[in-house]
Amino acid sequence: MTEHRRPIIAGNWKMHKTVAEAKALAEAVRRGMEAIGGVDVVLCPPFTSLAAVSSAISGSKVALGAQDMYWEAEGAFTGEVSTGMLMDAGCKYVIVGHSERRSSFGETNEGVRRKSAAALSAGLCPIVCVGETLEEREKGIAHDVVREHFVGAVEGKSAEDVRKIVFAYEPVWAIGTGKTATDEQAQEMHAFLRGLMEESYDLDTALGTRIQYGGSVKPDNVAGLMTREDIDGALIGGASLKADVFLEILTRVAG
Ligand code: PEP
């Protein structure tokens with residue numbers, strides 16, 4: 001992580017927490033964050049808890065994010081939520097292209113491109129997820145997959161827009177499995193991704209864009225990951241569901 005890229009840690013709560021549980025967790029994170037600085041923190045609860053978490057963190061350093069969105073502004077799109085609705089609920093961030101959306105809900109690179117474009121034009125920061133499956137890594141095509149995810153997401157976007165995106169490299173084989181990529185594996189793919197940014201845009205864009213790592217990040221592995229040059233933060237699932245564990249991660253990143 002370099003000085004001009006402020007670390008960013010996001011908690012992806014996935015399909016967990018009632019409204020009351022979400023509010024309690026957000027309040028605990030908010031309280032804990034009063035003693036922690038130098039790191040951007042984003043909580044991404046399910047849609048049903050966005051409003052409650054928004055009021056729980058209001059006026060604090062903690063930001064709100066959603067887990068998905070649709071690119072149209074409004075209309076007959078049953079089950080979908082627009083960027084305007086997310087902003088109205090207090091969101092500043094939105095996760096786009098999470099591997100669970102890609103594998104279980106048919107998310108495509110084209111969808112990721114459209115969603116991230118709509119998020120940017122609404123003023124929301126997209127957290128764009130890229131990453132290969134175990135099968136793809138074993139076949140030796142991990143870089144091709146990450147390239148496709150990256151190119152698919154940024155197609156038609158300006159360098160200025162790309163710098164506003166937070167990318168998350170999440171090897172699918174490390175998500176929710178307890179199997180973290182080694183610091184070297186993560187750094188290697190982050191450097192590759194940064195190289196793609198330079199190739200598609202320029203060095204300033206490559207050096208100015210934040211890339212999170214995601215996949216079984218915990219208090220005992222986060223510090224090692226964060227010492228790596230191209231790792232600017234983490235997207236955290238399981239370990240973001242308990243306030244003490246999440247705050248321990250934030251403390252280690254800040255310290
Ligand atoms: C995620 O949901 O993006 C994730 C990385 O999950 P976990 O931390 O549980 O592996």
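The values are calculated or read from the model by the stated rules, or taken from the named source; none is laboratory data. All values reported here derive from a predicted model rather than from experimental measurement. Methodologically, a virtual Cβ is constructed for each residue, glycine included, from the backbone with ideal geometry; neighbour enumeration extends over all protein chains shown. Please note that ligands, DNA and RNA were not included when accessible areas were found on the heavy atoms of the full protein model with its side chains. Shrake-Rupley method; radii C 1.70, N 1.55, O 1.52, S 1.80 Å.
Between residues in segment 164-178 that are in contact (Cβ under 8 Å) with a residue 24 or more places away in the chain and residues that are aliphatic (A, V, I, L, M) and near the ligand (Cβ under 10 Å from one of its atoms), which pairs lie under 7 Å by C-beta distance while being six or more apart or on different chains?
Val166/Ile127; Ala168/Ile127; Ala168/Leu235; Glu170/Leu235
State whether the residues of segment 238-255 include one that is within 16 Å of the ligand (Cβ to nearest atom), open to solvent by less than 10 Å² (accessible area, probe 1.4 Å) and under 17 Å from Val130 (Cβ atoms).
no
Mind listing just one residue for me: the one in segment 179-189 that is touching a residue at least 24 places away in the same chain (Cβ under 8 Å) and within 15 Å of the ligand (Cβ to nearest atom) and, of those, surrounded by the fewest Cβ atoms within 10 Å (Cβ to Cβ)?
Lys179
Checking Tyr93 against (1) touching a residue at least 40 places away in the same chain (Cβ under 8 Å); (2) over 18 Å from Gly237 (Cα atoms); (3) open to solvent by 20 Å² or more (accessible area, probe 1.4 Å); (4) in contact with a strand residue (DSSP E or B) (Cβ under 9 Å, 6 or more places away or on another chain), which single condition isn't satisfied?
Failing condition for Tyr93: (2).
Determine if segment 79-102 includes at least one residue that is away from the ligand (no atom under 14 Å from the Cβ) and in contact with a His (Cβ under 9 Å, 6 or more places away or on another chain).
No, every residue in segment 79-102 fails to be away from the ligand (no atom under 14 Å from the Cβ) and in contact with a His (Cβ under 9 Å, 6 or more places away or on another chain).
Residues Ile175, Ile141, Ile165, Ile211: which one is within 25 Å of Met85 (Cβ to Cβ) and surrounded by 14 or more Cβ atoms within 10 Å (Cβ to Cβ)?
Numbers: Ile175 fails: within 25 Å of Met85 (Cβ to Cβ); Ile141 fails: within 25 Å of Met85 (Cβ to Cβ); Ile211 fails: within 25 Å of Met85 (Cβ to Cβ).
On inspection, the qualifying residue turns out to be Ile165.
Please tell me if Val81 is of a type in the set (Val, Ile, Thr) and surrounded by 21 or more Cβ atoms within 10 Å (Cβ to Cβ). Please lay out each step first, then the result.
Values: of a type in the set (Val, Ile, Thr): yes; surrounded by 21 or more Cβ atoms within 10 Å (Cβ to Cβ): no.
When the stated conditions are applied, Val81 does not pass them.
For segment 154-175, name all the residues that are within 16 Å of the ligand (Cβ to nearest atom), in a helix (DSSP H, G or I) and among the aliphatic types (A, V, I, L, M).
Passing the criteria: Val172, Ala174.
State all residues of segment 20-50 that are among the hydrophobic types (A, V, I, L, M, F, W, C), open to solvent by less than 70 Å² (accessible area, probe 1.4 Å) and not in a loop (DSSP other than H, G, I, E, B); if no residue qualifies, say none.
Ala22, Ala24, Leu25, Ala26, Ala28, Val29, Met33, Val41, Val42, Leu43, Cys44, Leu50
Looking at segment 106-129, I want the residues that are within 12 Å of Tyr70 (Cα to Cα) and more than 16 Å from the ligand (Cβ to nearest atom) and have a partner that is open to solvent by 10 Å² or more (accessible area, probe 1.4 Å) and of a type in the set (D, E, K, R) with Cβ atoms under 7 Å, at least 6 apart or on another chain. Which pairs are those?
Arg113/Glu155; Ala117/Lys157
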